[in-house]
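Note sheet for the following structure.
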Amino acid sequence: MPSNPQMSSSVEVVLQEDTLTMHGSADQSVGCALRGAVLVNLIKDTKVKFISLRLKGKLKLKMTSDMPRKEQILIDETWPILELSHQLYTLPKGQHQYDFEYPLSGKLPESVKVSHGKIIYKLYAVLEKPGFHRTLKASCPLTIHRVPLPSTSDIADSPNIMISGTWASRMYYEAAIPANTFAPGEIFPVTFHFYITDPLLEVDRIHSSMREYTIYRSASFVRPSVQSKKLANLVQDYSRPPNVNDWEATINVQVPDFVKSDCGPDYIEVCHKLEVKFCISQGGLILDTVIHRFPIVVQSLEYNEVTLSPPAYRAIDSTCELPPVYEVR
(Lines give C-alpha, C1' and ligand atoms only; values in the text may rest on other atoms or scores of the structure.)
Protein backbone atom coordinates (compact mmCIF):
# COMPACT_ATOMS: atom_id res chain seq x y z
CA MET A 1 0.00 0.00 0.00
CA PRO A 2 1.51 3.39 -0.95
CA SER A 3 2.40 5.75 1.87
CA ASN A 4 0.21 8.74 2.59
CA PRO A 5 2.12 11.75 1.18
CA GLN A 6 0.82 13.89 4.07
CA MET A 7 2.49 11.60 6.63
CA SER A 8 5.90 10.96 5.03
CA SER A 9 7.74 11.15 1.76
CA SER A 10 7.58 8.01 -0.39
CA VAL A 11 8.40 6.48 -3.73
CA GLU A 12 6.20 4.04 -5.63
CA VAL A 13 6.43 1.92 -8.82
CA VAL A 14 3.24 1.76 -10.91
CA LEU A 15 3.22 -0.54 -13.94
CA GLN A 16 1.06 -0.04 -17.01
CA GLU A 17 0.64 -3.82 -17.03
CA ASP A 18 1.47 -6.14 -14.13
CA THR A 19 1.82 -9.06 -16.56
CA LEU A 20 3.93 -8.84 -19.71
CA THR A 21 3.36 -11.28 -22.56
CA MET A 22 6.13 -12.69 -24.74
CA HIS A 23 4.90 -13.93 -28.14
CA GLY A 24 6.62 -17.06 -29.41
CA SER A 25 9.41 -19.20 -28.02
CA ALA A 26 12.66 -17.76 -26.65
CA ASP A 27 14.15 -18.10 -30.15
CA GLN A 28 11.13 -16.49 -31.85
CA SER A 29 10.13 -13.68 -29.51
CA VAL A 30 11.27 -10.12 -30.16
CA GLY A 31 10.62 -9.31 -26.51
CA CYS A 32 8.29 -6.70 -25.08
CA ALA A 33 8.29 -3.28 -23.45
CA LEU A 34 8.24 -2.63 -19.72
CA ARG A 35 6.15 0.50 -19.19
CA GLY A 36 5.12 2.37 -16.10
CA ALA A 37 5.98 5.25 -13.84
CA VAL A 38 7.95 6.01 -10.70
CA LEU A 39 5.87 8.20 -8.41
CA VAL A 40 7.63 10.37 -5.85
CA ASN A 41 5.60 11.98 -3.06
CA LEU A 42 7.47 14.63 -1.04
CA ILE A 43 6.21 16.44 2.05
CA LYS A 44 8.82 19.18 1.59
CA ASP A 45 11.41 20.40 -0.88
CA THR A 46 14.07 17.68 -1.07
CA LYS A 47 17.60 17.39 -2.39
CA VAL A 48 18.19 14.18 -4.33
CA LYS A 49 21.37 12.48 -5.57
CA PHE A 50 19.65 10.13 -8.03
CA ILE A 51 16.55 8.00 -8.69
CA SER A 52 16.97 4.55 -10.23
CA LEU A 53 14.82 1.61 -11.26
CA ARG A 54 16.15 -1.95 -11.00
CA LEU A 55 14.69 -5.16 -12.45
CA LYS A 56 15.81 -8.40 -10.85
CA GLY A 57 14.78 -11.89 -11.97
CA LYS A 58 15.72 -15.00 -10.07
CA LEU A 59 15.44 -18.79 -10.36
CA LYS A 60 15.07 -20.67 -7.07
CA LEU A 61 15.03 -24.47 -6.79
CA LYS A 62 14.53 -26.40 -3.56
CA MET A 63 16.57 -29.47 -2.77
CA THR A 64 14.91 -32.85 -3.40
CA SER A 65 16.17 -36.43 -3.56
CA ASP A 66 17.25 -36.01 -7.20
CA MET A 67 17.82 -32.22 -7.39
CA PRO A 68 20.22 -29.95 -5.51
CA ARG A 69 19.24 -26.57 -4.13
CA LYS A 70 19.98 -23.82 -6.63
CA GLU A 71 19.63 -20.05 -7.03
CA GLN A 72 20.44 -18.20 -10.24
CA ILE A 73 20.09 -14.57 -11.31
CA LEU A 74 18.27 -14.39 -14.66
CA ILE A 75 18.37 -10.62 -15.08
CA ASP A 76 19.71 -7.79 -12.96
CA GLU A 77 19.46 -4.46 -14.76
CA THR A 78 19.34 -0.92 -13.43
CA TRP A 79 18.05 2.12 -15.32
CA PRO A 80 18.55 5.75 -14.24
CA ILE A 81 15.41 7.80 -13.68
CA LEU A 82 17.45 10.80 -12.50
CA GLU A 83 21.11 10.19 -13.28
CA LEU A 84 23.83 10.58 -10.69
CA SER A 85 25.94 13.67 -11.36
CA HIS A 86 28.27 16.06 -9.51
CA GLN A 87 25.26 18.22 -8.72
CA LEU A 88 22.23 17.49 -6.56
CA TYR A 89 18.67 17.73 -7.84
CA THR A 90 16.12 19.82 -5.94
CA LEU A 91 12.62 18.36 -6.02
CA PRO A 92 9.86 20.66 -4.77
CA LYS A 93 7.21 19.48 -2.37
CA GLY A 94 4.37 17.47 -3.95
CA GLN A 95 4.00 14.51 -6.32
CA HIS A 96 6.36 13.86 -9.22
CA GLN A 97 5.81 11.26 -11.92
CA TYR A 98 8.60 9.83 -14.07
CA ASP A 99 7.34 7.64 -16.91
CA PHE A 100 9.61 4.91 -18.19
CA GLU A 101 9.70 2.45 -21.07
CA TYR A 102 12.44 -0.17 -21.38
CA PRO A 103 12.78 -3.12 -23.79
CA LEU A 104 13.01 -6.63 -22.35
CA SER A 105 14.63 -9.56 -24.12
CA GLY A 106 12.34 -12.25 -25.54
CA LYS A 107 14.65 -14.88 -24.06
CA LEU A 108 13.59 -14.23 -20.47
CA PRO A 109 11.86 -17.33 -19.00
CA GLU A 110 8.30 -16.87 -17.86
CA SER A 111 7.21 -16.51 -14.25
CA VAL A 112 6.17 -19.72 -12.51
CA LYS A 113 5.75 -21.08 -9.00
CA VAL A 114 5.62 -24.85 -8.45
CA SER A 115 6.22 -27.27 -5.58
CA HIS A 116 10.01 -27.22 -5.64
CA GLY A 117 10.93 -24.05 -7.45
CA LYS A 118 9.95 -20.68 -8.85
CA ILE A 119 10.96 -17.99 -11.32
CA ILE A 120 10.16 -14.51 -10.02
CA TYR A 121 10.72 -10.94 -11.19
CA LYS A 122 10.69 -7.80 -9.08
CA LEU A 123 11.20 -4.08 -9.71
CA TYR A 124 12.91 -1.82 -7.18
CA ALA A 125 12.82 1.98 -7.16
CA VAL A 126 15.43 3.88 -5.14
CA LEU A 127 15.58 7.60 -4.35
CA GLU A 128 18.98 8.38 -2.85
CA LYS A 129 19.39 11.51 -0.72
CA PRO A 130 22.72 13.12 0.19
CA GLY A 131 24.45 12.62 3.54
CA PHE A 132 22.65 10.67 6.25
CA HIS A 133 19.12 11.32 5.03
CA ARG A 134 16.91 8.24 4.71
CA THR A 135 16.88 6.62 1.28
CA LEU A 136 13.38 6.06 -0.13
CA LYS A 137 12.71 2.61 -1.60
CA ALA A 138 9.79 0.71 -3.11
CA SER A 139 9.30 -2.63 -4.86
CA CYS A 140 6.76 -4.09 -7.25
CA PRO A 141 6.31 -7.68 -8.54
CA LEU A 142 6.31 -8.32 -12.29
CA THR A 143 4.90 -11.37 -14.07
CA ILE A 144 6.17 -12.55 -17.46
CA HIS A 145 3.99 -14.91 -19.49
CA ARG A 146 4.64 -16.55 -22.84
CA VAL A 147 2.15 -17.54 -25.55
CA PRO A 148 2.83 -19.30 -28.85
CA LEU A 149 2.71 -17.42 -32.10
CA PRO A 150 -0.63 -17.95 -33.91
CA SER A 151 1.08 -19.72 -36.84
CA THR A 152 2.94 -22.21 -34.64
CA SER A 153 -0.07 -22.93 -32.41
CA ASP A 154 -2.25 -23.63 -35.47
CA ILE A 155 0.31 -26.09 -36.82
CA ALA A 156 0.70 -27.76 -33.44
CA ASP A 157 -3.04 -28.39 -33.08
CA SER A 158 -3.51 -30.91 -35.86
CA PRO A 159 -1.07 -33.83 -35.34
CA ASN A 160 -2.06 -34.72 -31.77
CA ILE A 161 -5.86 -34.69 -31.74
CA MET A 162 -6.48 -38.22 -33.08
CA ILE A 163 -4.94 -41.63 -32.50
CA SER A 164 -5.85 -44.98 -34.05
CA GLY A 165 -4.76 -48.58 -33.85
CA THR A 166 -5.63 -52.24 -34.26
CA TRP A 167 -5.84 -54.84 -31.50
CA ALA A 168 -4.89 -58.44 -32.41
CA SER A 169 -6.41 -57.98 -35.89
CA ARG A 170 -9.81 -58.30 -34.19
CA MET A 171 -10.59 -54.68 -33.39
CA TYR A 172 -9.93 -51.30 -34.98
CA TYR A 173 -10.25 -48.22 -32.81
CA GLU A 174 -9.88 -44.44 -32.95
CA ALA A 175 -9.89 -41.77 -30.23
CA ALA A 176 -10.10 -38.03 -30.91
CA ILE A 177 -10.25 -34.73 -29.05
CA PRO A 178 -11.49 -31.46 -30.63
CA ALA A 179 -8.24 -29.48 -30.04
CA ASN A 180 -5.09 -29.66 -27.98
CA THR A 181 -5.37 -26.35 -26.08
CA PHE A 182 -7.85 -25.96 -23.23
CA ALA A 183 -8.56 -23.53 -20.39
CA PRO A 184 -8.89 -24.40 -16.69
CA GLY A 185 -12.45 -25.55 -15.99
CA GLU A 186 -13.20 -26.25 -19.66
CA ILE A 187 -15.21 -29.37 -20.58
CA PHE A 188 -14.45 -31.15 -23.85
CA PRO A 189 -15.46 -34.47 -25.45
CA VAL A 190 -13.27 -37.48 -26.16
CA THR A 191 -14.82 -39.46 -29.01
CA PHE A 192 -14.10 -43.16 -29.60
CA HIS A 193 -14.83 -45.17 -32.72
CA PHE A 194 -14.73 -48.97 -32.50
CA TYR A 195 -14.98 -51.58 -35.25
CA ILE A 196 -14.75 -55.30 -34.35
CA THR A 197 -14.37 -58.33 -36.56
CA ASP A 198 -14.92 -60.74 -33.65
CA PRO A 199 -18.50 -60.48 -32.27
CA LEU A 200 -17.38 -62.00 -28.94
CA LEU A 201 -15.23 -58.98 -28.04
CA GLU A 202 -16.55 -56.27 -25.73
CA VAL A 203 -15.38 -52.85 -24.54
CA ASP A 204 -16.04 -52.91 -20.79
CA ARG A 205 -14.77 -49.66 -19.36
CA ILE A 206 -13.46 -46.35 -20.68
CA HIS A 207 -11.03 -44.36 -18.54
CA SER A 208 -9.61 -40.88 -18.88
CA SER A 209 -7.17 -39.09 -16.61
CA MET A 210 -5.07 -35.94 -16.76
CA ARG A 211 -1.52 -35.73 -15.52
CA GLU A 212 0.59 -32.66 -14.82
CA TYR A 213 4.35 -32.91 -15.32
CA THR A 214 6.87 -30.52 -13.79
CA ILE A 215 10.38 -30.70 -15.24
CA TYR A 216 13.33 -28.93 -13.61
CA ARG A 217 16.39 -28.23 -15.78
CA SER A 218 19.79 -26.69 -15.17
CA ALA A 219 23.18 -26.86 -16.85
CA SER A 220 24.57 -28.20 -13.57
CA PHE A 221 22.13 -31.15 -13.46
CA VAL A 222 23.21 -34.53 -14.83
CA ARG A 223 19.64 -35.03 -16.05
CA PRO A 224 16.34 -33.15 -15.69
CA SER A 225 14.28 -33.82 -12.58
CA VAL A 226 10.73 -34.88 -13.51
CA GLN A 227 7.74 -34.96 -11.18
CA SER A 228 4.16 -35.80 -12.08
CA LYS A 229 0.78 -35.94 -10.41
CA LYS A 230 -2.70 -37.05 -11.42
CA LEU A 231 -5.17 -34.15 -11.58
CA ALA A 232 -8.41 -35.83 -12.59
CA ASN A 233 -9.72 -39.32 -13.20
CA LEU A 234 -12.92 -40.47 -14.92
CA VAL A 235 -14.01 -44.10 -15.19
CA GLN A 236 -17.12 -44.95 -17.19
CA ASP A 237 -18.62 -48.43 -17.41
CA TYR A 238 -19.53 -49.22 -20.95
CA SER A 239 -21.12 -51.97 -23.02
CA ARG A 240 -21.30 -52.39 -26.76
CA PRO A 241 -24.69 -51.64 -28.29
CA PRO A 242 -26.43 -54.92 -29.20
CA ASN A 243 -26.02 -56.44 -32.65
CA VAL A 244 -23.52 -53.89 -33.98
CA ASN A 245 -19.85 -54.21 -34.87
CA ASP A 246 -19.20 -50.55 -35.74
CA TRP A 247 -20.08 -47.87 -33.19
CA GLU A 248 -19.00 -44.67 -31.42
CA ALA A 249 -18.82 -43.63 -27.77
CA THR A 250 -18.19 -40.23 -26.19
CA ILE A 251 -17.07 -39.19 -22.72
CA ASN A 252 -16.75 -35.63 -21.42
CA VAL A 253 -13.59 -34.54 -19.63
CA GLN A 254 -13.25 -31.43 -17.47
CA VAL A 255 -9.93 -29.65 -16.98
CA PRO A 256 -9.60 -28.98 -13.22
CA ASP A 257 -9.96 -25.35 -12.12
CA PHE A 258 -6.78 -25.55 -10.04
CA VAL A 259 -4.53 -26.73 -12.87
CA LYS A 260 -1.36 -24.75 -13.65
CA SER A 261 -0.88 -23.30 -17.11
CA ASP A 262 1.74 -24.77 -19.39
CA CYS A 263 5.09 -22.98 -19.32
CA GLY A 264 8.76 -23.53 -20.13
CA PRO A 265 10.82 -25.29 -21.30
CA ASP A 266 13.68 -23.22 -19.81
CA TYR A 267 14.61 -24.08 -16.21
CA ILE A 268 11.07 -25.03 -15.10
CA GLU A 269 8.61 -26.62 -17.50
CA VAL A 270 4.96 -27.46 -16.78
CA CYS A 271 3.11 -29.64 -19.29
CA HIS A 272 0.07 -31.89 -19.38
CA LYS A 273 -1.11 -35.13 -20.93
CA LEU A 274 -4.56 -36.62 -21.27
CA GLU A 275 -4.48 -40.40 -20.87
CA VAL A 276 -7.33 -42.43 -22.34
CA LYS A 277 -7.71 -46.18 -22.03
CA PHE A 278 -10.32 -48.84 -22.50
CA CYS A 279 -10.60 -52.48 -21.48
CA ILE A 280 -11.15 -55.25 -24.03
CA SER A 281 -12.90 -58.33 -22.68
CA GLN A 282 -14.40 -61.61 -23.80
CA GLY A 283 -16.89 -63.62 -21.80
CA GLY A 284 -16.39 -61.39 -18.76
CA LEU A 285 -12.60 -61.86 -18.79
CA ILE A 286 -10.45 -58.77 -19.44
CA LEU A 287 -8.00 -59.59 -22.21
CA ASP A 288 -6.11 -56.31 -22.47
CA THR A 289 -6.13 -52.60 -21.68
CA VAL A 290 -5.32 -50.19 -24.50
CA ILE A 291 -3.70 -46.91 -23.39
CA HIS A 292 -2.93 -43.75 -25.37
CA ARG A 293 -1.77 -40.29 -24.26
CA PHE A 294 -2.58 -36.95 -25.87
CA PRO A 295 -0.18 -34.06 -25.18
CA ILE A 296 -2.42 -31.09 -24.37
CA VAL A 297 -1.77 -27.45 -23.55
CA VAL A 298 -3.50 -25.74 -20.63
CA GLN A 299 -3.73 -21.99 -21.05
CA SER A 300 -6.13 -19.42 -19.58
CA LEU A 301 -8.81 -17.96 -21.83
CA GLU A 302 -7.30 -14.46 -21.72
CA TYR A 303 -3.98 -15.76 -23.08
CA ASN A 304 -5.74 -17.79 -25.75
CA GLU A 305 -7.24 -14.49 -26.94
CA VAL A 306 -3.83 -12.80 -26.80
CA THR A 307 -2.37 -15.61 -28.94
CA LEU A 308 -4.97 -14.96 -31.64
CA SER A 309 -4.59 -11.17 -31.65
CA PRO A 310 -1.29 -9.83 -30.30
CA PRO A 311 -1.50 -6.23 -29.06
CA ALA A 312 -0.09 -3.40 -31.14
CA TYR A 313 2.93 -1.44 -29.99
CA ARG A 314 2.06 1.69 -28.02
CA ALA A 315 4.50 4.47 -27.20
CA ILE A 316 4.21 6.58 -24.07
CA ASP A 317 4.91 10.23 -23.49
CA SER A 318 6.84 11.48 -20.49
CA THR A 319 4.69 13.63 -18.23
CA CYS A 320 7.47 14.97 -16.00
CA GLU A 321 10.34 17.26 -16.82
CA LEU A 322 13.69 17.03 -15.07
CA PRO A 323 13.82 19.07 -11.87
CA PRO A 324 16.20 21.98 -11.43
CA VAL A 325 19.69 21.14 -10.18
CA TYR A 326 21.18 22.35 -6.94
CA GLU A 327 24.74 23.64 -7.06
CA VAL A 328 26.98 22.02 -4.42
CA ARG A 329 29.25 24.62 -2.77
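Quick notes
- Conditions (1) surrounded by 12 or more Cβ atoms within 10 Å (Cβ to Cβ); (2) at pLDDT 85 or above; (3) over 30 Å from ALA26 (Cβ atoms): number failed by PHE294: (3)
- The listed residue being in contact with a His (Cβ under 9 Å, 6 or more places away or on another chain) and among the β-branched types (Val, Ile, Thr), out of VAL203, VAL255: VAL255
- Of the strands (runs of 3 or more DSSP E) lying entirely inside the stretch 139-251, those containing at least 3 residues that are without any contact (Cβ under 8 Å) to a residue 60 or more places away in the chain span 162-167, 171-176, 187-196, 225-237.
- Leading residue by the ranking (farthest from the chain's Cα centre (by Cα)) among those in the stretch 250-277 that are surrounded by 17 or more Cβ atoms within 10 Å (Cβ to Cβ) and at pLDDT below 90: ASP266
- The stretch 132-166, residues that are within 26 Å of the chain's Cα centre (by Cα), modelled with pLDDT of 85 or more and not β-branched (Val, Ile, Thr): ALA138, SER139, CYS140, PRO141, LEU142, HIS145, ARG146
- Looking only at the stretch 225-242, and only at residues there that are under 30 Å from GLU202 (Cβ atoms) and open to solvent by less than 70 Å² (accessible area, probe 1.4 Å), the one that is modelled with the lowest pLDDT: TYR238
The values are calculated or read from the model by the stated rules, or taken from the named source; none is laboratory data. Just so you know, these numbers come straight off a predicted model, no measurement behind them. So basically every Cβ, Gly included, is an ideal-geometry build from the backbone, and we count neighbours across all protein chains shown. All accessible areas refer to the heavy atoms of the entire protein, side chains included, with ligands and DNA or RNA removed. Shrake-Rupley method; radii C 1.70, N 1.55, O 1.52, S 1.80 Å.
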